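Only the coordinates and a few stated rules stand behind these numbers; no lab work does. Here the structure is a predicted model, which means the values were calculated and not measured. Please note: Cβ atoms are built from the backbone with ideal geometry, for glycine as well, and neighbour counts cover all protein chains shown.
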Amino acid sequence: MNFQEIKEDVLMEGFYKKILLVILGSFIMAFNYNIMLAPNHFVVGGTTGLSLVFEKLWGWNPQLFLYGSAFVLLILSFLFLGFKETLISMIGSLLYPFFVTLTAPLASLASEFISAENILVAILIAGIVHGIAYGIVYKVGFDTGGSDILVKIVHRYCKVSRGTATVVVQAIVLFLGAFVFGFNQFIYSVIVLLLYTTIMDKIIIGISDSKLFFIHTKKMKLVKKFIIEDLHAGVTILETKGGFSLEKGEVLMCVVPNKDYYLFKEMILKIDPSAFFVINDCYEVTGGVKQKNSLI
C-alpha cells in the first residue's frame, strides 16, 4: 500500500473546490494582515511575523520580504521534501504575498470603517479572522507555505514531532517580536496566536456535539439493554484485558449527544453504582446506528 498515492488521491478529490477555498482563505488572511496584524504589530509567528520584525529593524518592505521568503522556502521544500510535497505548499505560498499586495489599498479604504482603536477589540478581530482563514486552508489539506515548510523540514530531519517543531519555530519569531516591539506587544501577539489556533482547530475538526463513553460495568446485560431498547442507540462491546491482573473482561462503547450527557451518566450509575467511565469529546460519527430518542 503506497500511502503517498493515497494522500494524493485524497487531495485530488474535489480539487477545484479545494483550490477555491485555498484562494478564499489566503485572501482573508492577507486582508487581516493589512488591516489588523501589521498596523497593531501583532507578531503571530511565521514569515508574517518576521516581515513586521524586519521592517522595524531595517526598514525592509514587508511585501517584498513575503515574496522573497516564499521563493526561498519553496526551493528548500523542493530540495528537502520533494516536488509532490512542495505542491501542497506552493499554491498558498504564492497566493498569500500576492493577496497582501492586492488587499493593501482595500485595507486602507476599509480601515476607516473597520479600524479598532480598542486593543482588545483588535486582538479579538485579528485572532478570529486569522483562525477562520487558516482553518479554511488547512481543512482541505493544503497550507500557506512559509513557516509550515520549515516545520516539515525540522520534523523530517530532526526527528521531532510536528507539534514540537511548530512550537520551536513560532517561539523564535515571537521572541524576536518581543525584542523589537516590547513586552506588551508580545503578550498581545500571544493572545492573538492562542485565539486563532483555537478557532482554526474548531474549523478543522469541528465542535464536539457528542460524548464517547467507554463503560466498564458488572451489569453488562442491563446497561446494554438500556442503551439499545430505551435509548435506541448503537453500542459496541470491546474485549479487554487488565494490565495488572490480566483478567479478561468487556467494555461498552457508546456515543451520546452532549445534551444527554448528564442524564445518561447518572442513569448508568443508577443501574450500576460501581460502573467505571472513560468519557471523551466526539467530533464526528459516520455510519453505525445513531441515537433516535432523547433522554430529555
Point to revise | Label-point separation in nm, Leu124 to Met267, each point 7 Å along Cα→Cβ | key: 3.9 nm
Check your understanding: Taking square-rooted eigenvalues a ≥ b ≥ c of the alpha carbon gyration tensor, is the stretch 85-202 rounded, prolate or oblate, where a/c under 1.5 means rounded and, failing that, a/b exceeding b/c means prolate?
Key -> oblate
Check your understanding: What shape does the chain take by its C-alpha gyration tensor, where a ≥ b ≥ c are the square roots of the eigenvalues and a/c under 1.5 counts as rounded, a/b above b/c as prolate, and the rest as oblate?
Key -> prolate
Point to revise | For the stretch 210-282: rounded, prolate or oblate by the Cα gyration tensor [a/c cutoff 1.5] | key: prolate
Exercise for review: List the trypsin sites (Lys or Arg not before Pro) within the stretch 153-183 that fall in a DSSP loop (any state other than H, G, I, E or B) and whose Cβ has at most 14 other Cβ atoms within 10 Å.
Suggested key: Lys159
Revision key, fill the gap. A correct fewest-to-most ranking of Leu246, Leu174 by other Cβ atoms within 10 Å would be Leu246, Leu174
Point to revise | Total charge dipole magnitude, the chain, about the Cα centre, Cβ charges on Lys, Arg, Asp, Glu only, Debye to nearest 20 | key: 740 debye
Exercise for review: About the Cα centre of the stretch 210-282, how large is the charge dipole given +1 on each Lys and Arg Cβ and -1 on each Asp and Glu Cβ? Please answer in debye to the nearest 20.
Suggested key: 140 debye
Revision key, fill the gap. For the stretch 239-247, in residue order, the Karplus 3J(HN,Hα) values (coefficients 6.51, -1.76, 1.60; θ = phi - 60°; whole Hz; Gly and Pro = x) are 7, 10, 9, x, x, 9, 7, 6, 6
**Study point:** Karplus-derived 3J(HN,Hα), 6.51/-1.76/1.60, for each residue of the stretch 71-77, Hz, glycine and proline x
**Key:** 5, 5, 5, 5, 5, 4, 4
Revision key, fill the gap. For 165-171, 90-96, ranked highest to lowest by mean beta-carbon neighbours within 10 Å, the order is 90-96, 165-171
Point to revise | Residue-count net charge about Lys219 - beta-carbon cut-off 11 Å; Lys, Arg +1, Asp, Glu -1 | key: +4
Check your understanding: Which value in deg cm²/dmol, rounded to the nearest 500, describes the helix-derived mean residue ellipticity at 222 nm for the chain, given -39,500 (n - 2.57) per DSSP H run of n ≥ 4 and division by the residue count?
Key -> -21000 deg cm²/dmol
Check your understanding: Among the listed pairs Lys17/Lys211; Lys219/Lys265; Lys18/Lys84, which are separated by more than 20 Å between their Cα atoms?
Key -> Lys17/Lys211
